[in-house]
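Heads up: the structure comes next, in structure tokens.
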Amino acid sequence: MFVPGNAHYGIWMRAPSSSGGKDWLGFLTDREVISQWGKTGQVNQSKVIGPAPSRTFLDQKIEEKKAKGYRVLGEWFPGTGWSHLIRNAPPPDPPPNTRPSDTTPPLSRQVITEWLSDRNSDQWF
């Protein structure tokens with residue numbers, strides 16, 4: 001992603017997609033509003049979307065993106081650069097305990113002994 005040299009403000013948004021996600025960036029410059037977009041990690045398209053430096057216009061585009069499922073990842077400010085609003089995703093919940101409960105009674109010694117002593121019986125096979 002490329003921050004225009006004359007930018008006053010920037011925003012970075014991301015939405016999930018079947019191909020792994022898509023990013024959208026909007027920049028307010030001293031002359032125009034610029035949009036950049038592409039697959040996550042491959043933001044390589046850019047377009048002037050507002051012919052005047054209008055924060056109101058950029059805010060409208062941000063709301064449109066939010067309505068389409070995008071969420072804000074960070075904001076860019078001159079002198080400080082990107083401030084990431086969302087840190088790394090929290091770790092997933094641990095898998096549920098699938099061990100059988102301790103209330104399952106063990107096989108009795110008598111059942112096992114009878115089975116072993118009768119293993120040549122045709123009933124078992």
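Values quoted throughout were computed directly from the atomic coordinates according to the rules given, and no laboratory measurement underlies them. Source: prediction; values computed, not measured. Every residue, glycine as well, gets a Cβ built from its backbone with ideal geometry; the counts of neighbours run over all protein chains shown.
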When only alpha-carbon atoms are used, what values of Rg and Dmax, in angstrom, describe the stretch 1-88? 12.3, 36
Report the paramagnetic label zone for residue 54: residues of the stretch 20-41 whose backbone N is under 16 Å from a point 7 Å from Cα along the Cα-to-Cβ axis. 27-35
Residues 18, 108 in order from fewest to most other beta-carbon atoms within 10 Å are 18, 108
